[in-house]
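Beneath this line is the structure, given in structure tokens, with notes to follow.
The values are calculated or read from the model by the stated rules, or taken from the named source; none is laboratory data. All figures in this text were calculated on a predicted structure; none of them were measured in a lab. Neighbour counts are summed over all protein chains in view; Cβ atoms, including those assigned to glycine, are modelled from backbone coordinates with ideal geometry. Heavy atoms of the whole protein, side chains included, go into the accessibility calculation; ligands, DNA and RNA do not. Shrake-Rupley method; radii C 1.70, N 1.55, O 1.52, S 1.80 Å.
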Amino acid sequence: MKIKRDWWLANSLINILSGIIFIVARSIAGMAVGGLIIGAINILIGIALLQKSKIVFWIVFIVSGYSFIQELLRLSKQIGGFNPTLGTGLIVLNFVFAVMLWQQIKNEKVKK
């Protein structure tokens, strides 16, 4: 049985998961309104990616690339070594999935 890699689905799921985690984390920290707004935006982005919106893909690609570079800079300035968090993992996953989706979109254009 061959499993088809669908990076649209993977990107949408990582955005929906990030939104849910953000809402829960901010609610626990006592900032429920801000968490709900940002988390809801992430969830809506995930739903738009399920619809295979290329405009939303480019927004995600640019924002995730910027966040990835910011996170690398933050980690490089840390004294005492590498201290990853769940947020770091989500940022890296989001960027990697966006790059893989970019490759999928590029390959689909070549096949047509």
For the stretch 84-112 and the stretch 9-70, compute the distance between their C-alpha centroids and round to whole Å.
14 Å
So for the stretch 1-62, what percent of the C-alpha to C-alpha distances run longer than 13 Å?
61 percent
Work through the residues other than Gly87 whose Cβ is under 11 Å from its Cβ and net out their charges, Lys, Arg +1 and Asp, Glu -1.
0
Would you mind getting the Kirkwood hydrodynamic radius of the stretch 47-98 from its Cα pairs, rounded to one decimal in Å?
12.0 Å
Lysine pairs with alpha-carbon atoms under 26 Å apart, the chain, spacing 8 or more or separate chains:
19
Expressed as a percent, the accessible surface of the chain that is carbon or sulfur, using a 1.4 Å probe and the full set of protein chains, is 72 percent
Calc'd 3J(HN,Hα), the stretch 60-69, phi into Karplus 6.51 cos²θ - 1.76 cosθ + 1.60 (θ = phi - 60°), Hz, glycine/Pro = x, comes to 4, 4, 5, 5, 5, x, 5, 5, 4, 5
Only one of the values [x] 1.08; [y] 1.33; [z] 1.18 was calculated from this structure for Cα Rg over 2.2 N^0.38 Å; name its label.
[z]
